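Q: There's a structure below that I have some questions on.
Nothing in this text is a laboratory measurement; each read-out follows from the coordinates by a stated rule. As the structure is a computational prediction, the values presented were derived from the model and not from experiment. Positions of Cβ are backbone-derived with ideal geometry, glycine not excepted, and every protein chain shown enters the neighbour counts.
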Amino acid sequence: MLHNPATGPMPASPPYLEVAVAAPLPQTLTYALPISGEIPRPGQRVLVPLSGRLLTGYVLALSEERPEFRLKPIADILDDCPVFPEGLVPFFRWVARYYHYPIGEVIRGALPGGLTSQSGRQLKATEAGLHYFLVEQPQLVHEYPWLAGLLAKKKLNAATVRKLWRGKEKRLIEQWAEQGLLLVEQVIAKASIGQKTETCVLLADSPASETRAQLKPSEEKALALIEAMRTDPAQGLPRRELIKVYSGAGKALASLAAKGLLRLTERPVYRDPFGEAPLFYPRPAQLTADQQVALAQLNPALARKKYAAFLLHGVTGSGKTEVYLQAAETTLALGRSVLVLVPEIALATQLEAHFLSRFGFTVALLHSGLARGERFDQWQRVVSGQARIVIGARSAIFAPLADPGLIIVDEEHDGAYKQEDGLRYQGRDLALLRGSQGGATVLLGSATPSLNSYQHALKGKYTLLSLPIRIENRPLPQVELVDLQAVNTVSGRPPLFSPQLKQALRATLARQEQSLIFLNRRGFASCMLCSDCGQAVQCPHCRITLTLHKGRGQLLCHYCGFASNSRTVCSNCRSLNLAPIGFGTERLEEELTGMFPKARLARLDHDTTRKRQDFFRILRAVHDREVDILVGTQMITKGHHFPHVTLVGIVWADAGLGLPDYKAGERTFQLLAQVTGRAGRGEQPGRVIVQTHQPGHYSIAAARDHDYPSFFTKETGLRKALGYPPFSRLINLVLDGEQEELVQNRAEALAAKGKTLRRYKKTAILGPAPAPLARLRGRFRWQILLKGPDLEELHGLCLELEQEQARLGGAVNLSVDVDPENML
């Protein structure tokens with residue numbers, strides 16, 4: 001009987017493999033075993049033939065049922081062990097079906113980047129081709145610039161050929177290949193990431209004495225250094241450490257290995273993502289009464305090892321993190337693992353510090369802020385079981401934990417849990433799905449729960465846990481609204497800083513306490529306006545004004561990344577008279593420096609924290625009281641504990657209320673409540689000054705009063721009247737293309753098709769209409785909104801419209817956004 005060391009005995013009849021290919025295919029494919037007869041396991045990557053190419057596929061299942069058609073064998077098995085557990089296969093299937101996305105692409109996006117192999121074409125010039133292009137027809141080199149590279153290097157790599165193959169040159173290359181001028185070869189592009197290794201030197205156990213007597217001085221020196229420097233004879237000495245001390249050791253090592261005096265081996269190297277040690281958080285002496293009540297309900301659910309969902313609604317500073325930590329402790333004691341989701345990388349860093357303080361390096365990080373190699377190593381630690389706690393942003397929901405017993409979603413209300421391109425999944429919803437499929441307890445936590453989650457809790461779908469009081473009975477901060485319309489200024493325009501906020505900043509500085517200034521807009525000015533013709537400077541690829549970043553001397557598009565020099569001219573009238581209009585965190589920092597020249601300022605936004613070390617440095621400076629005033633965007637609003645911050649100033653509270661989005665009021669309330677909660681978390685009480693043009697708006701008034709129930713009642717009343725979630729479900733169909741007329745025509749055709757399908761009686765088709773952001777990255781955008789209470793009917797209509805889009809084809813793309821978070 002044949003045996004596969006990884007999989008055990010071969011069954012009586014060879015199995016067939018269900019494979020999800022990393023390509024935009026809506027269904028899985030079936031393949032035969034490789035010619036070697038080796039049987040891969042579910043979760044392993046394989047190389048499979050498809051349409052004349054070789055692509056990466058993922059084995060989902062083995063079947064002994066023979067298909068009616070002839071099968072191709074897989075070309076190769078790429079892994080010794082699975083890269084994800086078999087238990088994740090049903091999860092991947094559900095995600096692909098619900099979000100209308102190819103399952104192979106779902107899995108590829110879930111895995112660490114760089115793990116995809118595929119075949120490609122490499123182009124070489126034959127001897128006849130070299131003579132033809134250089135001697136007979138040299139003008140072709142000028143007509144086709146890529147030929148110059150081919151003739152210089154004698155070949156073109158797969159990436160370059162792939163671009164040519166998509167264009168007009170494909171047929172020309174094929175013709176030249178038929179004439180014997182070019183050679184088209186199939187090559188395999190290997191995965192670009194893998195296990196990192198280093199060379200280590202191990203001394204031989206019993207070297208011959210006569211051999212050692214014949215050594216050169218360089219060899220003697222190398223051996224002496226190895227004996228002196230090695231700390232663990234079994235592990236050996238890294239070659240790079242020896243080279244640092246003695247640069248001439250390289251040649252000596254090769255000759256010593258040839259003489260049998262030492263061995264050179266390769267060992268894995270772990271790429272540490274943690275870098276500088278985060279802040280240490282000790283265990284509290286005792287829990288509050290509310291924390292004890294919450295854990296008394298959580299612990300029995302954890303012990304039952306069955307699915308249960310909880311919503312932990314706790315005011316800011318009430319100790320939600322300690323509930324997470326103690327629930328995680330219970331889960332680990334039961335032999336299961338823990339998954340912790342946070343909405344942003346910045347919060348991952350904050351929670352990472354708490355979990356590392358409590359659990360050490362059994363914690364793994366998974367988020368997009370890691371380098372590819374670091375993410376690969378973290379993934380491997382989780383797959384192997386070395387790491388039993390995973391902390392990360394939304395993509396960590398795909399972490400390869402074999403048996404998660406607790407899934408925590410911190411700040412569950414945050415819109416950052418929704419992926420806005422590609423696979424448009426909602427991380428919080430997938431946490432609930434994974435918990436239900438794996439028999440885990442799911443704990444959603446927030447001071448400002450989403451309307452959907454709170455509605456589920458009120459209806460009994462989730463168990464509601466409450467932490468209504470801050471730690472040590474500290475009071476919530478006093479909130480004062482400043483009506484900017486009532487502030488008199490010489491210019492007649494509202495000021496950046498009202499007299500009340502200026503006075504409060506002076507008083508706080510005099511008491512040697514810290515202040516936090518919040519504005520959810522980065523940069524110096526929101527646009528540059530021509531003083532002569534009145535036109536704003538726009539991004540050439542998007543219908544968006546460019547933001548001035550004064551420190552960098554650039555105008556930036558925050559959507560596509562386009563940048564230009566800030567010293568530019570008006571594209572309409574060629575005038576040089578451009579004036580900055582609006583404001584951002586960079587301008588606030590400059591204004592505050594002018595008002596308080598002796599104050600120590602820091603700014604926390606995307607521009608100042610591009611590196612993980614920068615984020616740590618600023619946070620540590622605030623904790624060590626080296627910063628008097630911290631200016632920032634929403635990065636400073638979530639989860640941070642600044643015990644010496646007693647004043648919070650919100651420069652423009654109603655910035656988001658004018659957006660064309662039914663969630664604008666909810667987002668405004670959540671943002672204000674969160675940033676308000678940064679004040680008064682230490683021994684001194686907090687004060688918050690909110691500058692607004694709409695002091696009577698219900699979301700701003702509720703945030704002032706720390707009154708979530710009244711906000712919930714008002715907002716749900718409005719949503720119910722309009723038939724928006726949580727009283728209905730939505731699917732947004734976004735069409736985009738390079739020609740606006742084609743996009744508009746396609747959107748109108750799909751909407752008309754949908755309205756003829758009368759069996760979908762409960763679903764309304766809204767639109768089509770141009771998207772609020774009508775052009776992004778050079779592509780025009782239109783959208784169609786499907787709205788209705790029946791989820792099955794909604795998905796049925798969506799599928800039919802996708803099929804119509806596939807039938808029509810052409811240069812217009814369709815993206816499906818199920819449960820959209822952002823309507824822009």
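Q: Calculate the length of the line joining the C-alpha centroid of region 434-511 to that of region 608-666, in whole Å.
A: 12
Q: Between Val141 and Ser531, how many nm apart are label points set 7 Å from Cα along the C-beta direction?
A: Label at Val141, label at Ser531, 5.4 nm between them.
Q: If you don't mind, another one. What percent do you get for the relative contact order of region 565-668 when only Cα pairs under 8 Å and 6+ apart count? Please list the in-between numbers first.
A: On the way: 73 pairs, mean separation 20.0, N = 104.
Dividing the mean separation by the residue count of region 565-668 yields 19 percent.
Q: Compute the semi-axes of the equivalent ellipsoid of region 377-418, taking the square root of 5 times each eigenvalue of the Cα gyration tensor, and list them largest first in whole Å.
A: 21, 11, 7
Q: Kindly provide log₁₀ I(q)/I(0) values, in the same order as q = 0.15, 0.22, 0.25 Å⁻¹, from the Debye equation applied to equal alpha-carbon scatterers of region 757-799.
A: -0.46, -0.72, -0.81
Q: On a C-alpha basis, how far is the centre of region 736-782 from the centre of region 118-177 in Å? Whole number, if you could?
A: 41
Q: Give me the dipole magnitude in Debye, nearest 20, for the chain about the Cα centre, with unit charges on the beta carbon: positive for Lys and Arg, negative for Asp and Glu.
A: 500
Q: Right, another one. With a point put 7 Å past each Cα toward its Cβ, work out how far Ile581 is from Glu198 in nm, to one decimal.
A: Result for the modelled spin labels: 5.7 nm.
Q: Pull out the extension gain between Cys560 and Thr756, defined as 0.36 nm times the separation in residues minus the alpha carbon to alpha carbon distance; nm, one decimal.
A: 66.8 nm
Q: If you take all C-alpha pairs in region 447-488, what percent of them are over 12 Å apart?
A: Roughly 74 percent, once rounded to a whole number.
Q: Among the lysines, select those whose C-alpha is under 29 Å from the C-alpha of Lys244, and discard any that sit fewer than 8 residues away in the same chain.
A: Output for Lys244: Lys196, Lys216, Lys221, Lys259, Lys611.
Q: Continuing with this model, one more query. Multiply the residue gap between Ala806 and Val487 by 0.36 nm, knock off their C-alpha separation, and tell me the result in nm, one decimal place.
A: Value of the extension gain: 109.1 nm.
Q: Does a label point 7 Å from the Cα of Arg506, set along Cα-to-beta-carbon, have any residues of region 607-636 with amide nitrogen under 19 Å, and which are they?
A: In region 607-636, the label zone of Arg506 (backbone N under 19 Å from the point 7 Å along Cα→Cβ) covers 628-629.
Q: Can you tell me which lysines have their Cα less than 25 Å from the Cα of Lys720? Leave out same-chain residues fewer than eight positions away.
A: Lys418, Lys459, Lys461, Lys663, Lys755, Lys761, Lys762, Lys787
Q: On to the next question. Over the C-alpha atoms of the chain, what are the Rg and the largest Cα-to-Cα span, Dmax, in Å?
A: Rg and Dmax of the chain, Cα atoms, are 30.8, 97 Å.
Q: Pairing the Cα long axis of helix 89-98 with the longest principal axis of the chain, what angle in degrees results, from 0 to 90 and rounded to the nearest 10?
A: 50
Q: Taking the dipole about the Cα centre of the chain, with the C-beta of Lys and Arg at +1 and of Asp and Glu at -1, give me whichever of Gly113, Ala128, Leu50 is farthest to the positive side.
A: Highest projection toward the positive end goes to Ala128.
Q: Return the FRET efficiency for the residue pair Lys163, Leu742: r is the Cβ-Cβ distance, R0 is 22 Å, and the value is rounded to the nearest 0.05.
A: Taking R0 as 22 Å, the efficiency between Lys163 and Leu742 is 0.40.
Q: Over the alpha-carbon set of region 776-824, work out the extent along each principal axis and list the three values in angstrom, largest first.
A: The Cα atoms of region 776-824 stretch 35, 28, 11 Å along their principal axes.
Q: What do you get for Rg/Rh over region 689-790 if you use C-alpha atoms and the Kirkwood form of Rh? Write out the running numbers ahead of the final one.
A: Details: Rg = 18.6 Å, Rh = 16.4 Å.
Taking Rg over the Kirkwood Rh, I get 1.13.
Q: Using +1 at the Cβ of each Lys and Arg and -1 at the Cβ of each Asp and Glu in the chain, identify which of Leu242, Asn565, Ala416 lies farthest towards the dipole's positive end.
A: Farthest towards the positive end: Asn565.
Q: What is the calculated FRET efficiency for His541 to Glu626, with r their C-beta to C-beta distance and R₀ = 41 Å, to the nearest 0.05?
A: Taking R0 as 41 Å, the efficiency between His541 and Glu626 is 0.50.
Q: Largest first and in whole Å, what are the equivalent-ellipsoid semi-axes of region 662-702 based on the Cα gyration tensor, each being the root of 5 times an eigenvalue?
A: Calculated on Cα positions only, the semi-axes equal 22, 12, 6 Å.
Q: Report, to the nearest 10°, how far helix 345-359 tilts away from the longest principal axis of the Cα atoms in the chain, using its own Cα long axis and a range of 0 to 90°.
A: 80
Q: Moving to a separate point now. Rounded to the nearest 0.05, what FRET efficiency do Ile243 and Glu420 give with R0 = 60 Å and r taken as the Cβ-Cβ distance? Could you check?
A: 0.80
Q: How far is helix 499-510 tilted off the main Cα axis of the chain, in degrees rounded to 10, range 0 to 90?
A: 70
Q: Right, another one. Rank Ser466, Ser526, His541 by how far each Cα sits towards the positive end of the charge dipole of region 396-551 (+1 on Lys, Arg Cβ; -1 on Asp, Glu Cβ) and give me just the farthest.
A: The listed residue farthest towards the positive side: Ser526.
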